[in-house]
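Data first, discussion second: the structure below is written as structure tokens.
The values are calculated or read from the model by the stated rules, or taken from the named source; none is laboratory data. This one's a predicted model, so the numbers in the text were calculated from it and none came from an experiment. Ideal geometry is used to build each Cβ from the backbone, glycine not excepted, and the neighbour counts take in all protein chains shown. Note: accessible area is taken over every heavy atom of the protein model, side chains too, but ligands, DNA and RNA are not part of it. Shrake-Rupley method; radii C 1.70, N 1.55, O 1.52, S 1.80 Å.
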Amino acid sequence: MDRSGIEFSIPVIEVDGLCKRVPIAEGDGVLHILQDVRFKVREGESVAIVGASGSGKSTLLGLLAGLDVPDAGTVRVQGCDLFALDEDSRAALRGEAIGFVFQSFQLLPALTALENVMLPLELAGVAEARTLADRWLQRVGLGGRLRHYPKHLSGGEQQRVALARAFAPHPKLLLADEPTGNLDAETGRAVIELMFELNREVGTTLILVTHDESLARRCGRVLRMTAGHLAESPPQFA
């Protein structure tokens, strides 16, 4: 805390000079997917990243999670430089600090709803993983679906399982990539309401990638991706 009484904490995530390029098949040039991206997100913030399809939003989210490696720049999660770690250490950090909600749900088809939620808890060595997973599925309204496999669940139910799986380990950071993209409008609204409700309960820091401007405005900040560049959008008032 400084003399003004304002407390300065280490950002949950800090991005500095992030660049990502891919070669263009037809020639010797490269496509700049991300160019000198910089921003910080502090504990408890909710941040939306918006932009047109192909603007680099999902690529950025993958880099924030350490699922891909940039051509330049750094990503620090709770002060730890992701790309100074080897792949195993990045995976361990993800399991400890980051939850994910994907457009395509990403449930394991050979596991029941209960087992899908238990998996990250067991990998993290959490005691009573089954009891905790059961409690979270009850919380998202799926207490009667514990032993159902993903193929026997609707899209909305699968995304509820994914929410339970993401929040069960109490991550510091939740990354959500178009979480309603595969759902109809009514189901999508219900899932989003649940996601924000759980986020408030757990106190997770949220970074949400979406093309839905109305959804983005529900977050505390909006960052706009345009042709690989990221800029903060001014607040909009109704």
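Restricting the search to the range 75-89, which residues are touching a residue at least 60 places away in the same chain (Cβ under 8 Å) and either touching a Phe, Trp or Tyr at 6+ places or on another chain (Cβ under 9 Å) or assigned to a strand (DSSP E or B) (or both)? So that I can check it myself, show each step before the final result.
Restricting attention to the range 75-89, the residues satisfying the condition of being touching a residue at least 60 places away in the same chain (Cβ under 8 Å) are 75-79.
Those that are touching a residue at least 60 places away in the same chain (Cβ under 8 Å) and either touching a Phe, Trp or Tyr at 6+ places or on another chain (Cβ under 9 Å) or assigned to a strand (DSSP E or B) (or both): V75, R76, V77.
Would you check which residues across the range 17-65 are of a type in the set (D, E, K, R), in a loop (DSSP other than H, G, I, E, B) and at pLDDT 90 or above and list them?
Step one: filter the range 17-65 for residues of a type in the set (D, E, K, R), giving 20-21, 26, 28, 36, 38, 40, 42-43, 45, 57.
Remaining after also requiring in a loop (DSSP other than H, G, I, E, B): 26, 28, 42-43, 45.
Those that are of a type in the set (D, E, K, R), in a loop (DSSP other than H, G, I, E, B) and at pLDDT 90 or above: R42, E43, E45.
Before we move on, is G73 at pLDDT below 90 and open to solvent by less than 70 Å² (accessible area, probe 1.4 Å)?
Numbers: at pLDDT below 90: no; open to solvent by less than 70 Å² (accessible area, probe 1.4 Å): yes.
The answer is no for G73.
For the range 218-238, which residues satisfy the criterion of being touching a residue at least 40 places away in the same chain (Cβ under 8 Å) and either in a loop (DSSP other than H, G, I, E, B) or open to solvent by less than 30 Å² (accessible area, probe 1.4 Å) (or both)? Before the answer, list the steps.
Step one: list which residues in the range 218-238 are touching a residue at least 40 places away in the same chain (Cβ under 8 Å), which gives 218-230, 232-233.
Matches in the range 218-238: R218, C219, G220, V222, L223, M225, A227, G228, S233.
Where residues in the range 84-101 are of a type outside the set (A, V, I, L, M) and in contact with a strand residue (DSSP E or B) (Cβ under 7 Å, 6 or more places away or on another chain), which of them is least open to solvent (accessible area, probe 1.4 Å)?
Looking only at the range 84-101, we keep the residues that are of a type outside the set (A, V, I, L, M), and these are 86-90, 94-96, 99-100.
Still in the list and also in contact with a strand residue (DSSP E or B) (Cβ under 7 Å, 6 or more places away or on another chain): 99-100.
Working: G99: 4, F100: 45 Å².
The selected residue is G99.
Pick from the range 104-133 the residues that are in contact with a Gly (Cβ under 9 Å, 6 or more places away or on another chain) and within 18 Å of Y149 (Cα to Cα): which of them is modelled with the highest pLDDT? Walk me through it before giving the result.
We begin by selecting, within the range 104-133, every residue in contact with a Gly (Cβ under 9 Å, 6 or more places away or on another chain); these are 104-105, 120, 123-124.
Add one more test, that the residue is within 18 Å of Y149 (Cα to Cα), and what stays is 104-105, 120.
Values: S104: 86, F105: 88, P120: 91.
Among those that are in contact with a Gly (Cβ under 9 Å, 6 or more places away or on another chain) and within 18 Å of Y149 (Cα to Cα), it is P120.
(1) more than 27 Å from R42 (Cα to Cα); (2) modelled with pLDDT under 90; (3) touching a Leu at 6+ places or on another chain (Cβ under 9 Å): which one isn't true of T180, the others all being true?
Failing condition for T180: (1).
Any idea which residue in the range 19-69 is farthest from L173 (Cα to Cα), counting only those that are surrounded by fewer than 14 Cβ atoms within 10 Å (Cβ to Cβ) and of a type in the set (V, I, T)?
Checked the range 19-69; the qualifying residue farthest from L173 (Cα to Cα) is I24.
Given the options M225, M195, name the one that is in contact with a Gly (Cβ under 6 Å, 6 or more places away or on another chain), modelled with pLDDT of 90 or more and under 21 Å from F102 (Cβ atoms). Give the derivation first.
On the way: M195 fails: in contact with a Gly (Cβ under 6 Å, 6 or more places away or on another chain).
On inspection, the qualifying residue turns out to be M225.
Filter the helices (runs of 4 or more DSSP H) completely within the range 102-212 down to those with at least 1 residues that are open to solvent by 30 Å² or more (accessible area, probe 1.4 Å), of a type in the set (V, I, T) and touching a residue at least 24 places away in the same chain (Cβ under 8 Å). Let's see the steps before the verdict.
Details: elements: 113-123, 129-139, 155-167, 185-202.
Output list reads 185-202.
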